[in-house]
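Everything below concerns the one structure shown next.
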């Protein structure tokens, strides 16, 4: 149990982020639940965490905006104390379709959140760890799309996650001497709202037969992997990308 530890989770009002927030609370973390638009959903996650006996706050902010990242960390530290862990979960795909039909605005927004937002949050986390004297842990949420390429679906999204994985490896090696660990989890298709948001709510049924285990992941399965990587049980793992994708 990680009593006295605080984790900041981006995009934590629903899906994998919300499941990770709840699992982290069960393991003794106080949790900052970041959201962009859906305050009501974030507050429900906070309420559940508090019922589990941990502290939690809902913090609005778009990680694609540097000023929001600064505010996100400041509010978390003011309410919950020093941050000992960061989970970069916030991510967007844009519409499903061939790359030839992908707009400049979609590419910019996807890279702004998935890559630039992850980098900004990592930099802020390193500053927070240094200030408190903690050797913290960062988990970046990638995707098997980084290896698969996602042709005819969202190549731009796959490329953004490949960037996240390269960044994870490089940053981990750069900060290893300080004791900070940086790892990534690469989920496969998961039963969340992301499919409907991307324009294909029936995508789970379409892709399930391609997965060796024959089904999509539940958010809780990805969350368990993320929280394990945060824990002392994973103390010798850094610079790794851990697949959690049913065999893909």
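The values are calculated or read from the model by the stated rules, or taken from the named source; none is laboratory data. This one's a predicted model, so the numbers in the text were calculated from it and none came from an experiment. FYI the Cβ positions are ideal-geometry reconstructions off the backbone, even for glycines, and counts take in every protein chain you see.
Things worth noting here:
- Verdict on residue 42 being under 16 Å from the mean Cα position of the chain (by Cα) and modelled with pLDDT of 95 or more: yes
- Residue in the stretch 142-153 that is in contact with a strand residue (DSSP E or B) (Cβ under 8 Å, 6 or more places away or on another chain) and under 30 Å from residue 46 (Cβ atoms) present: yes
- Exactly one residue out of 169, 144 is surrounded by fewer than 19 Cβ atoms within 10 Å (Cβ to Cβ) and under 18 Å from the mean Cα position of the chain (by Cα), and it is 169.
- Considering residues of the stretch 63-76 that are surrounded by 15 or more Cβ atoms within 10 Å (Cβ to Cβ) and without any contact (Cβ under 8 Å) to a residue 60 or more places away in the chain only, the residue farthest from the chain's Cα centre (by Cα): 75
Table: residues versus (1) at pLDDT below 95; (2) assigned to a loop (DSSP other than H, G, I, E, B); (3) crowded, with 17+ Cβ neighbours inside 10 Å; (4) within 22 Å of the chain's Cα centre (by Cα).
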position	(1), (2), (3), (4)
201	yes, yes, no, yes
206	yes, no, no, no
214	yes, yes, no, no
222	no, no, yes, yes
225	no, no, yes, yes
233	no, no, no, yes
238	no, yes, yes, yes
242	no, no, yes, yes
246	yes, yes, yes, yes
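- Some residue of the stretch 79-93 being surrounded by 15 or more Cβ atoms within 10 Å (Cβ to Cβ), in a helix (DSSP H, G or I), at negative phi and touching a residue at least 40 places away in the same chain (Cβ under 8 Å): yes
- The stretch 175-188, subset in contact (Cβ under 8 Å) with a residue 60 or more places away in the chain and touching a strand residue (DSSP E or B) at 6+ places or on another chain (Cβ under 7 Å), residue nearest to residue 17 (Cα to Cα): 187
- Residue match in the stretch 135-148 (condition: farther than 26 Å from residue 71 by Cβ and without any contact (Cβ under 8 Å) to a residue 12 or more places away in the chain): no
- Within the stretch 189-199, not a single residue is closer than 25 Å to residue 73 by Cβ and touching a residue at least 40 places away in the same chain (Cβ under 8 Å).
- Checked against the criterion of being in contact with a helix residue (DSSP H, G or I) (Cβ under 6 Å, 6 or more places away or on another chain), farther than 26 Å from residue 134 by Cβ, surrounded by fewer than 17 Cβ atoms within 10 Å (Cβ to Cβ) and modelled with pLDDT of 95 or more, the candidates 111, 99 yield just one match: 99.
- So residue 118, is it buried (at least 19 other Cβ atoms within 10 Å of the Cβ), under 23 Å from residue 33 (Cβ atoms), at pLDDT below 95 and in contact with a helix residue (DSSP H, G or I) (Cβ under 6 Å, 6 or more places away or on another chain): no
- Residue within the stretch 43-62 that is assigned to a loop (DSSP other than H, G, I, E, B), under 16 Å from residue 124 (Cβ atoms) and touching a helix residue (DSSP H, G or I) at 6+ places or on another chain (Cβ under 8 Å) present: yes
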